[in-house]
1. Given the structure, is F247 in contact (Cβ under 8 Å) with a residue 24 or more places away in the chain, buried (at least 18 other Cβ atoms within 10 Å of the Cβ), of a type outside the set (D, E) and assigned by TED's automatic domain parsing to the domain that holds A264?
2. Tally time: how many residues in the stretch 198-233 are without any contact (Cβ under 8 Å) to a residue 60 or more places away in the chain and of a type in the set (D, E)?
3. It is to be established whether one or more residues within the stretch 219-234 are hydroxyl-bearing (S, T, Y) and farther than 30 Å from I104 by Cβ.
4. Test A211 against the criterion of being at pLDDT below 80, touching a His at 6+ places or on another chain (Cβ under 7 Å), under 30 Å from T276 (Cβ atoms) and in the same structural domain as I222 (by TED's automatic domain parsing), and give yes or no.
5. In this structure, is T294 modelled with pLDDT under 80 and surrounded by fewer than 14 Cβ atoms within 10 Å (Cβ to Cβ)?
6. Would you mind listing the helices (runs of 4 or more DSSP H) fully within the stretch 58-172 where at least 3 residues are touching a strand residue (DSSP E or B) at 6+ places or on another chain (Cβ under 9 Å), modelled with pLDDT of 85 or more and not small (G, A, S)?
7. Write out, first by first residue and then by second, each pair whose Cβ atoms fall under 7 Å of each other, whose residues are 6+ apart or on separate chains, and whose first residue, in the stretch 68-79, is more than 10 Å from R100 (Cα to Cα) while the second is in a helix (DSSP H, G or I).
8. Quick check on the stretch 199-208: of everything there that is part of a helix (DSSP H, G or I) and not aliphatic (A, V, I, L, M), which residue is modelled with the highest pLDDT?
Amino acid sequence: MSSVSNSQQLVVLVSGGGPVGSTFALVLATMMRSHAKIYIYEGRWFVDQDDRTKWQGEGQGRIRRDQVVTLQDHVIHQMPTFIQKGLFSNLNERVWPTSRNIPIREVEDRLLALLEPFVESGQIELVPENLNERTDRLVNVTSGYTSRSLKQNHHQYERLKLSRVNLEILSNAMKTTLTLSYDILLVLFLEIRLHCFYHLSLLFRNASHYASVIDADPDENIMTLNRDLTRLQETLHSALNEKKFSFLFQGFGFALATILIRSAPRFIHISETGVTKMCRNIFAIEQTLTQIRTVGDAELMRVNRYCEFLHATRADEILAIIEEHRSEYTEHDYIYLLQLKHLGFPASESVNFNLNKYEQMIKKSFTSK
């Protein structure tokens, strides 16, 4: 939101002093210098007895966020150097090689500290209240000078006498911020799937356990995955709008289904109890996803059916299942299923089970369809 004073200084109002608003203000202040006056409105701030603006805490009856966020290196490197140093001074915790962890409270406090030099110079003013002004002085700038948005509102810029140079600077700063937000959203999209891959890889690392398992309850690795997904859901839902949140979990069931089915060959053998345990693993994940997305997931139901196929006891039953559900799975999925079941047959039945013959039947079935 912007206007221009009589001295041709661009006035920018930023609603919200959180990580996004503060980063935007810092980048804009760095780019425009004395050509812009920036006001940041934040209702969660207060001014202490030393006339310093701080985040409200328990002393003001507010509980601050304690979540830890992960920032990817390629996103961090797009920030100005002074922001990078200010955020990660004496803090370099890494869980993955290309990312760093930082508590959200540290992000808020350190960005607020980075704003202080600009406040002292008068370029930025911190307003400890929510922005509620509604005036014709406020103009929404969304992209470059030749964009349709600017053309449609051209008369407003003429009235405000906003110079082309200042408009270009502001537009470029906003485009940089928008690009950064898209990159962060994509990183979150990938990171959620990486979390799943990590926890499920631990599950299949001990695949031999399912050959002689006695306990049919969901695997501890699955319960850890569910807790991780719930934590991610709580953190992201409070920070993102519904559209962005839905994007992060779009196709999530398909990703899980692909990992689970493609990992089936890692089982050396799986008992009847092991099959039941796997089905309960999938059901537990499905319950968590339903809480996150409020709808069931057909892809996880497909994985559940795949595991239930292992309850078949005879070769002809397996082939009948393949014929009925052929379009739901790939040729390799069915061959893995056949091989896994073959390993579980008693020695007396295994001798009479020509695995190569049935594999060729499956390949022929898919070739002729």
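The values are calculated or read from the model by the stated rules, or taken from the named source; none is laboratory data. Predicted, not measured: the structure shown is a model, and the values here were computed from it. Here the Cβ positions follow ideal geometry from the backbone for every residue, glycine too, while neighbour counts run over all protein chains shown.
1. No: the conditions fail for F247.
2. Residues flagged as without any contact (Cβ under 8 Å) to a residue 60 or more places away in the chain and of a type in the set (D, E) within the stretch 198-233 amount to 2.
3. no
4. The answer is yes for A211.
5. On the way: modelled with pLDDT under 80: yes; surrounded by fewer than 14 Cβ atoms within 10 Å (Cβ to Cβ): yes.
It is true that T294 is modelled with pLDDT under 80 and surrounded by fewer than 14 Cβ atoms within 10 Å (Cβ to Cβ).
6. Passing ranges, in order: 104-120.
7. V75/L180; V75/D183; V75/I184; V75/V187; Q78/L180
8. Out of the qualifying residues, it is H199.
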